[in-house]
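This report concerns only the one structure given below.
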Amino acid sequence: MSAHQVTVRAPAKINLGLSVGPPRPDGFHPLATVYQAVALYDDVTATLRDDSDVTVEVLGDFAADVPTDSTNLAVKAARVLQAEYDVEEGVDLVIRKTIPVAGGMAGGSTDAAATLVACNRLWGLGLTQPELEHLAADLGSDVPFCLVGHTALGRGRGEQVTEVMSRGTFHWVFAIAEGGLSTPAVFRELDRLRPLRRVEPPEVHPELLTALLSGQPAALAVALSNDMQAAALSLRPELSATLQFGLDQGALAAMISGSGPTCLFLAADSRRAVDLAVELAESGLCRMVRQAEGPVPGARILPAPIPR
Ligand code: C5P
């Protein structure tokens, strides 16, 4: 079934565990990661064009930081679908961003995932979820997870995703820093900091999977880990103060999100998450603060608005 206009809501991701091996011959790093999708969303609205052009407009908090040329990952996603399936129509994309740009939360990747889902419907392609995941892997390592959502294990360079069991809901607070960090730059810094001969193959710690099954935030707090944290802090040392501030205010855990510079905090419950968010917002340590629970589903078509 095709449509004239489709809106897809796609979540941010965090990495509850992020273990990074030594670089492969292709330059990518083998990962063993546990992703969780959290309720911080970008909405992508796709409107059909008769000609084959692909345009993008970006609205919201971080719009000024997002390219609107052919380097935009959502544009690339639409172009990949057009090329693979000989699509003659085009699309106007409008991205409403609430996910920080270059923040270690897969904002660009999730816009690409949303665009795949939206254009699949818009152009009536009828692709299955596994077919979309296959295309997603070529667009970026995190894009398949953004389609799947919930909580999942990521292997390979992060693109091989299998869902893992998780009980209950966890309450997260995010301190969004001024400016972003380039993911390749943080990987390079990690390689610089570690004697590569001694780097073990990446692995997921069993305690993390057990903690997710228990649904207990206190158990999850001690099982969180991120190999990229040291590299992100080396490039942005001031983030240590943000992490410490959150712990002093009662967060169960504080960690860099993915490649950073967003700091994430695990709260014991939703009330404590609100308290922590208020304290962080008043601290002046970050650009903005967001609160979100997880896990949530991956990129999903929103119901069409009811005509008035
Ligand atoms: O896959 P994605 O386009 O998101 O990756 C951006 C960059 O991050 C890659 O070009 C690479 O430099 C680095 N990267 C990596 N190992 C991974 C994922 C990303 O080195 N597993």
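The values are calculated or read from the model by the stated rules, or taken from the named source; none is laboratory data. Everything numeric in this text was worked out from a predicted model, so none of it was measured. Neighbour counts run over all protein chains shown; Cβ positions are idealised from the backbone, glycine included.
Listed by first and then second residue, the pairs linking a residue in the stretch 68-80 that is more than 16 Å from Cys146 (Cα to Cα) to a residue that is in a loop (DSSP other than H, G, I, E, B) and not small (Gly, Ala, Ser), with Cβ atoms under 7 Å apart and 6 or more places separating them unless they lie on different chains, are Asn72/Val66. Taking the listed residues Thr128, Thr68, the one that is in contact with a strand residue (DSSP E or B) (Cβ under 9 Å, 6 or more places away or on another chain), under 25 Å from Ser52 (Cβ atoms) and either surrounded by fewer than 21 Cβ atoms within 10 Å (Cβ to Cβ) or modelled with pLDDT under 95 (or both) is Thr68, with no other qualifying.
The set of residues in the stretch 159-190 that are at pLDDT below 95 and within 14 Å of the ligand (Cβ to nearest atom) contains only Gly180.
Results for (1) touching an Asp or Glu at 6+ places or on another chain (Cβ under 7 Å); (2) of a type in the set (A, V, I, L, M); (3) farther than 27 Å from Ser234 by Cβ, shown as yes or no for each residue.
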residue	(1), (2), (3)
Gly124	no, no, yes
Pro130	no, no, yes
His171	yes, no, yes
Arg188	no, no, no
Ala218	no, yes, yes
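Candidates in the stretch 1-18 are the residues that are crowded, with 22+ Cβ neighbours inside 10 Å and not hydrophobic (A, V, I, L, M, F, W, C); of these, the one that is farthest from Pro295 (Cα to Cα) is Gly17.
Residues checked against (1) buried (at least 21 other Cβ atoms within 10 Å of the Cβ); (2) within 30 Å of Ala281 (Cβ to Cβ); (3) modelled with pLDDT under 95:
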{"site": "Arg79", "(1), (2), (3)": "no, no, no"}
{"site": "Glu84", "(1), (2), (3)": "no, no, no"}
{"site": "Cys146", "(1), (2), (3)": "yes, yes, no"}
{"site": "Gly149", "(1), (2), (3)": "yes, yes, no"}
{"site": "Gly154", "(1), (2), (3)": "yes, no, no"}
{"site": "Arg157", "(1), (2), (3)": "no, no, no"}
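Scanning the stretch 34-49 for residues that are farther than 11 Å from Val94 by Cα and either among the aliphatic types (A, V, I, L, M) or not assigned by TED's automatic domain parsing to the domain that holds Val94 (or both) gives Val34, Ala37, Val38, Ala39, Leu40, Leu48.
Out of contact with any Lys or Arg (no Cβ under 8 Å at 6 or more places or on another chain), at pLDDT below 95 and within 21 Å of Gly158 (Cα to Cα): is that true of Val199 in this structure? Criteria met by Val199.
In the stretch 174-193, the residues that are within 14 Å of His29 (Cα to Cα) form Cβ pairs under 8 Å with partners that are within 9 Å of the ligand (Cβ to nearest atom) and part of a strand (DSSP E or B), at six or more places apart or across chains, as follows: Phe187/Val20; Leu190/Val20. Among the residues making up the stretch 168-205, those that are surrounded by fewer than 17 Cβ atoms within 10 Å (Cβ to Cβ) and within 23 Å of the chain's Cα centre (by Cα) are Gly168, Thr169, Glu178, Gly179, Ser182, Pro184, Ala185, Arg188, Asp191, Glu203, His205.
Only one of Leu93, Leu59, Leu16, Leu48 is in contact with a Ser or Thr (Cβ under 7 Å, 6 or more places away or on another chain) and outside any loop (DSSP other than H, G, I, E, B). Can you tell me which?
After applying the criteria, what remains is Leu93.
For every residue, the table says whether it meets (1) aliphatic (A, V, I, L, M); (2) within 16 Å of the ligand (Cβ to nearest atom); (3) not assigned by TED's automatic domain parsing to the domain that holds Arg192.
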| residue | (1), (2), (3) |
| --- | --- |
| Ala32 | yes, yes, yes |
| Asp51 | no, no, yes |
| Asp65 | no, no, yes |
| Ser70 | no, yes, yes |
| Leu73 | yes, yes, yes |
| Leu93 | yes, no, yes |
| Gly103 | no, yes, yes |
| Leu116 | yes, yes, yes |
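No other residue among Ser240, Ser234, Ser283 is surrounded by 15 or more Cβ atoms within 10 Å (Cβ to Cβ), more than 16 Å from Leu16 (Cα to Cα) and hydroxyl-bearing (Ser, Thr, Tyr) apart from Ser283. Considering only residues of the stretch 1-20 that are of a type outside the set (A, V, I, L, M, F, W, C) and more than 26 Å from Leu266 (Cα to Cα), which is farthest from the ligand (Cβ to nearest atom)? Among them, the one singled out is His4.
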